[in-house]
Amino acid sequence: MSSSATTPLNAEEIVASPAVDGDLNAEMRRAAKPFSRTTLVLAGLIVLAIAFGGGAWTHAAFGSSPSAPTRQAGGTQAGVGQQGGGFRGAGGRGTTGTVDRVDGTTVYVKTAQGTEVKVSTSDSTTVGVTQQGQLSDLKPGATVVVQGQAGEDGTVTAQAITQEAAR
């Protein structure tokens, strides 16, 4: 066996020896920073990922459905074979639904939620009526409302195309 075994230090030798081998101020500054720059950057990326995921979940849970019709400012909106829709008021609000009845100059529209909306008209109210058509009926320059699902390349697979009346 070798005789170079270290002998334990006694209490006075331990107290007399320095606590750190370098600069005590530098050691204290290093110990005061609990997180490195890399840790903070990773934590920030995690927070952003959680926020993005939460936003995507919120949109999926409460956002508009992809098959919901799109509104075009000032235009009418109706599905194929459906009457009514898209009445524009002075405040920019409108409604979409099915004509329930017409009583003089008042039109009653039943919304998809089943509520009845009273629509008042005047001599300046324009009325457009859409009817079933074919692709050959669509002409260049016509205003259309397309309802459908957009693909990854931006191409829309149409469920319905409604041509608006000429203005």
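Here, each number is a calculation from the coordinates, and none is a lab measurement. Predicted, not measured: the structure shown is a model, and the values here were computed from it. Note that we place each Cβ from the backbone using ideal geometry, even for glycine, and neighbour counts take in every protein chain shown.
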Theoretical FRET efficiency, 1/(1+(r/R0)^6), r = Cβ-Cβ of Thr98 and Val47, R0 45 Å, to 0.05: 0.45
So how far, in whole Å, is the C-alpha centre of the range 123-167 from the one of the range 102-119? 23 Å
Go ahead and run the numbers for FRET between Val156 and Ala61, Cβ-Cβ distance against an R0 of 25 Å, rounding to 0.05. 0.55
Extension gain, Val127 back to Ala26 (0.36 nm per residue minus Cα-Cα distance, nm): 28.3 nm
Multiply the residue separation of Asn10 and Ser120 by 0.36 nm, subtract the distance between their alpha-carbon atoms, and state the gained length in nm to one decimal. 29.6 nm
